[in-house]
């Protein structure tokens with residue numbers, strides 16, 4: 001990037017793209033304090049050189065909003081998401097796939113705040129755009145289905161959530177492969193739904209499969225793997241508290257973890 005700044009100038013639009021990408025890398029590494037000033041500089045360059053309504057400005061606004069949302073800075077994230085969405089609709093068209101992404105992200109922010117009635121129509125619109133523009137079996141459509149299902153689950157709308165989870169899982173398996181990390185996420189989320197309904201015998205093999213995929217593809221220490229472990233532990237704890245351990249299988253992974261929990265060593 002330093003060479004690019006030297007050759008093209010510090011305010012060249014290409015520099016904004018590089019800054020944006022480097023900020024994304026830092027964010028993925030948890031280096032938020034380093035990512036934020038890069039996003040802000042990329043945004044300033046893009047606005048100055050390309051205009052306030054350029055699609056690249058919208059992309060940078062969205063990325064900065066994602067950073068703020070991850071930090072719980074919801075009040076700062078919302079106007080950025082809304083501005084990105086407005087630019088996208090104006091410059092790319094109301095049915096552009098990027099617009100679907102920004103609708104999905106704004107909906108996620110609303111869901112994080114418990115603003116479910118505001119989130120639902122955005123998720124539905126993102127899903128409709130994705131199906132129309134990308135195809136009914138596109139991996140992004142699976143993401144939108146999953147997110148809408150999650151919204152329904154947290155509201156206790158289980159009957160509406162289940163077919164969406166199942167369709168998201170089927171798409172991910174078909175398009176990405178049965179052992180893709182995204183499939184593990186879908187399995188984990190469907191298992192959470194079944195746990196919420198007390199359908200423990202159906203939830204258990206989904207958690208185990210999600211865990212096996214995550215360990216194999218991501219490693220034991222990856223945050224996603226750790227999240228599945230925690231969900232599986234929480235599931236087994238709930239089954240014990242409900243007095244429903246008879247619903248569990250004799251699978252060694254399940255029984256070993258169950259014994260650990262019973263011995264008060266669930267974090268082993």
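With the condition kept exactly as written, say whether any residue in the stretch 171-187 is more than 29 Å from residue 140 (Cα to Cα), in a helix (DSSP H, G or I) and at pLDDT 95 or above. No.
Using the structure shown, decide if residue 227 is assigned to a helix (DSSP H, G or I), without any contact (Cβ under 8 Å) to a residue 24 or more places away in the chain, in contact with a helix residue (DSSP H, G or I) (Cβ under 9 Å, 6 or more places away or on another chain) and under 25 Å from residue 149 (Cβ atoms). Spelling it out, it is not the case that residue 227 is assigned to a helix (DSSP H, G or I), without any contact (Cβ under 8 Å) to a residue 24 or more places away in the chain, in contact with a helix residue (DSSP H, G or I) (Cβ under 9 Å, 6 or more places away or on another chain) and under 25 Å from residue 149 (Cβ atoms).
The rows are residues; the columns are (1) under 17 Å from the mean Cα position of the chain (by Cα); (2) without any contact (Cβ under 8 Å) to a residue 12 or more places away in the chain; (3) within 22 Å of residue 181 (Cβ to Cβ).
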site	(1), (2), (3)
82	no, no, no
90	no, no, no
101	yes, no, yes
106	yes, no, no
109	yes, no, no
125	no, no, no
128	no, yes, no
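Number of residues in the stretch 215-224 that are over 19 Å from residue 258 (Cβ atoms) and part of a helix (DSSP H, G or I) equals 5.
Applying the condition of being farther than 22 Å from residue 193 by Cβ and without any contact (Cβ under 8 Å) to a residue 12 or more places away in the chain to the stretch 214-224 and asking which residue is nearest to the chain's Cα centre (by Cα) yields 222.
The values are calculated or read from the model by the stated rules, or taken from the named source; none is laboratory data. Not measured: the values here are computed from a predicted model. Glycine also receives a Cβ, built like all others from the backbone with ideal geometry; neighbour counts cover every protein chain displayed.
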